[in-house]
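Quick notes on the structure that follows.
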Amino acid sequence: MQNATEHIENFKLFLEQYYEKKLYENASNGAFNVYIDFFEIAEFSSELADLLLESPEDGIRAIEMAIDQFDIKRSFKARIFNLPNSQFVKIRNIRSSNLGRFFYTEGIVRQSSDVRPKVVSAKFECPSCGNTMSILQLDTKFKEPIRCSCGRRGHFKLLSKDLVDAQRLVVEESPDDLDGGEQPKRIPIFLQEDLVEPKMEKRTTPGSKIKIVGIIKEVPITLKTGAQSTTYDLAMEANSIIPIVETFEEIKIDPEEEEKIKELTKDPRLFERLINSIAPSVHGYEKIKEALILQMASGIRKVKADGTIIRGDIHVLLVGDPGAAKSTLLQFISKSAPKSRFVSGKGASSAGLTASVVKDEFIKGWALEGGALVLANGGIVCIDELDKMTPEDRSAMHEALEQQQVSISKANIQATLSAKTTVLAAANPKMGRFDPYTSIASQIDLPSPLINRFDLIFPMRDIPNKERDERIASHVLKSQKDSNLAKPELSSGFLKKYMAYIKQNVKPELTDAAINEIKKFYVDLRNKGSKGEEDIKPIPISARQLEALVRLAEASAKLRLSKKVMKQDAQRAIDLLTYCLMQIGIDPETGKIDIDRISTGISASQRGRIITIREMIKDLEGKFGKSIPIEAVFEEAGKKNISEDQVDEAIERLKREAELFEPKKGFISKL
């Protein structure tokens, strides 16, 4: 008893010296907890530090009793952080010797239960003598008094019970900390009181990476027979939780860093410096790097008056030959973004990308586990080897890419999860490598609805070129020799802060000059050279690309810390989109940009030809009857300057679409 009083006195002295002002500040702000740095306790008294590590429950109770002696109306919770490295324990390394002691561990939140009230103590009254008894509820089972001092046994009247909010998380080891072939281990974490406040709860959503300081405890297991098992489960009672991977909103930026960011935006070489900071180990690809910078900055999400949402995220697809450094770019972006996930082709299923429903043995039912697109809400998902995924798994992404949500209807769970996630994907062409003699658009082996959802599509071709090959070879070999050579102009950490700052503070508005620039480009491109043409007009771009232009222009203005989207931003967006369209959207026959080449695989000139041949067959039917000789079709087509190869191609396509069939060799009939 003497010892406990002494500890309380010592803690009171410590708090007076270090935390008195903080206590009153927190109380006036309505926060009834205080975060205490363990190193300050150790500096003040090694005895108190040892008490906390060896008997954490007694130590924390002593701190809280010392706080009660201050002139504060409510009881405070003491939250300890910054434990020494010796107290770090991996989830897989927790053993019986760690029980009851103070440790910290870290991992990714995989599941979180609902917040529910939990009884901590209950008051009972004896019906015989009126005596009141207070029973602490430390177990999972509700405990009643066994007997009263007057000798009465049996039922006692429940007067009141003290409830606190409680929640259970399941935390899993982070994949970065695992050696090859190991399966990540999990541990349940119990949180209560101020650790489950709405503000704190946002930091413990599935997918967040957290550091947990707490006491490791054993949980009894009840067998099916009702008896208690000799083995126990492990759990951790959290004392404090510190998020490791933060979202853009939570990243704190010092005044010094803010000054540095503002200084950078005044630099006329701003975009050049940013481009040089993206994956410096990869030579060239300036346009792609510029697109990635704009993607990290992203446009502005808008909610219209009728409730429809226009996404602000810019999705980018890289399609390229093997060895074109696609994965290197993806890895770099996934490490530079404050919140990101990296998934790869065959290793990703639709459930792993969107969400899955799992059996939860604790709440005795089904629980929802978020996939990569949900876990990276507000961040970036990098999907490598997109073409290797099965079509069923790929189709799960459609809703997440455009509507920015994931709807689940499984096992009696109907839920809509938010997936405001930017997607950067990489894929290989159909044959594994680009065929230089066929159009690029026809070699992208992805369904058109999915391709349509990407704002920018970049082909990355590996074509031998003596000068370029020499530059790449010397860049790669020099960076192998000297690792400091490929040093970015702006460090990855600074880039992270810069992106967080612009997302927090800059929301530019479109100016008339920018609107006119985009409108002029859109109208001119759609109507270029189409006067007096009888054929079907090519559709160079659609309204979807118009939205993409606005997003890119907004991202460009954000990077300049500008409140307005100026003409130069619109021009930068137009240049990027034109670059993409010139690469993959050109119809080789007409030399014009045709968006249908990307979105449907058939160009307007091809479609026009098919319609012409269909009409021709209809006319010939009156002349030859049901069976029309192919020679007659060739002859008619020749009059309209359509070659035999083009006729064959059109007939094959009409056969595939079940409009024509071949009753005998050399003849065709309409179905």
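When Glu64, Glu40, Glu6, Glu25 are screened for being more than 43 Å from the chain's Cα centre (by Cα) and either in a helix (DSSP H, G or I) or not assigned by TED's automatic domain parsing to the domain that holds Val164 (or both), only Glu6 passes. Out of all the residues in the range 124-136, is one or more under 23 Å from Pro220 (Cα atoms), within 45 Å of the chain's Cα centre (by Cα) and not in a helix (DSSP H, G or I)? For the range 124-136, residues under 23 Å from Pro220 (Cα atoms), within 45 Å of the chain's Cα centre (by Cα) and not in a helix (DSSP H, G or I): present. Residues that are within 15 Å of Ser128 (Cα to Cα), surrounded by 15 or more Cβ atoms within 10 Å (Cβ to Cβ) and touching a Pro at 6+ places or on another chain (Cβ under 8 Å) within the range 138-174 comprise Arg152, Phe156, listed in sequence order.
On the given criteria, is Arg101 basic (Lys, Arg), in contact with a helix residue (DSSP H, G or I) (Cβ under 7 Å, 6 or more places away or on another chain) and modelled with pLDDT of 80 or more? Considered against the rule, which asks whether it is basic (Lys, Arg), in contact with a helix residue (DSSP H, G or I) (Cβ under 7 Å, 6 or more places away or on another chain) and modelled with pLDDT of 80 or more, Arg101 comes out as yes.
The set of residues in the range 9-32 that are buried (at least 17 other Cβ atoms within 10 Å of the Cβ) and either free of Cβ contacts under 8 Å to residues at least 24 places away in the same chain or not aromatic (Phe, Trp, Tyr) (or both) comprises Asn10, Lys12, Leu15, Tyr19, Leu23, Asn26, Ala27.
Scanning the range 72-82 for any residue that is buried (at least 17 other Cβ atoms within 10 Å of the Cβ) and of a type in the set (Ser, Thr, Tyr) turns up nothing. Filtering Ser121, Ser134, Ser128, Ser112 for residues that are assigned by TED's automatic domain parsing to the domain that holds Pro184, under 30 Å from Glu173 (Cβ atoms) and of a type in the set (Ser, Thr, Tyr) leaves a single hit, Ser112.
For the range 381-398, residues that are farther than 12 Å from Val423 by Cβ and surrounded by fewer than 17 Cβ atoms within 10 Å (Cβ to Cβ) total 5.
Here is the figure for the range 129-166: residues that are among the hydrophobic types (A, V, I, L, M, F, W, C) and either at positive phi or without any contact (Cβ under 8 Å) to a residue 24 or more places away in the chain (or both) total 8. Touching a strand residue (DSSP E or B) at 6+ places or on another chain (Cβ under 6 Å) and more than 20 Å from Asp194 (Cβ to Cβ) - does that describe any residue in the range 31-46? Scanning the range 31-46 turns up no residue that is touching a strand residue (DSSP E or B) at 6+ places or on another chain (Cβ under 6 Å) and more than 20 Å from Asp194 (Cβ to Cβ). Within the range 303-341, the set of residues being farther than 22 Å from Asp445 by Cβ, assigned to a strand (DSSP E or B) and touching a residue at least 24 places away in the same chain (Cβ under 8 Å) comprises Ile309, Ile310, Ser340, Arg341.
Of all residues in the range 196-227, those that are hydrophobic (A, V, I, L, M, F, W, C), touching a strand residue (DSSP E or B) at 6+ places or on another chain (Cβ under 6 Å), modelled with pLDDT under 85 and surrounded by 13 or more Cβ atoms within 10 Å (Cβ to Cβ) total 2. Flag set for Asn98, criterion: of a type outside the set (Lys, Arg), in contact (Cβ under 8 Å) with a residue 60 or more places away in the chain and in contact with a strand residue (DSSP E or B) (Cβ under 7 Å, 6 or more places away or on another chain). Scanning the range 47-96 for residues that are in contact with a Leu (Cβ under 8 Å, 6 or more places away or on another chain) and among the acidic types (Asp, Glu) returns a single hit, Asp58. Can you tell me which residue among Ser112, Ser121 is surrounded by 12 or more Cβ atoms within 10 Å (Cβ to Cβ) and touching a residue at least 60 places away in the same chain (Cβ under 8 Å)? Going through Ser112, Ser121 in turn, just one is surrounded by 12 or more Cβ atoms within 10 Å (Cβ to Cβ) and touching a residue at least 60 places away in the same chain (Cβ under 8 Å): Ser112. Just wondering, is there one or more residues in the range 452-460 that are assigned to a helix (DSSP H, G or I) and modelled with pLDDT of 75 or more? Looking through the range 452-460, at least one residue is assigned to a helix (DSSP H, G or I) and modelled with pLDDT of 75 or more.
For Gln111, the conditions (1) at pLDDT 80 or above; (2) part of a strand (DSSP E or B) are fulfilled apart from (1).
The values are calculated or read from the model by the stated rules, or taken from the named source; none is laboratory data. These numbers come from a predicted model, not from an experiment. Heads up, the Cβs are rebuilt from the backbone with ideal geometry, glycines too, and the neighbour counts pull from every protein chain shown.
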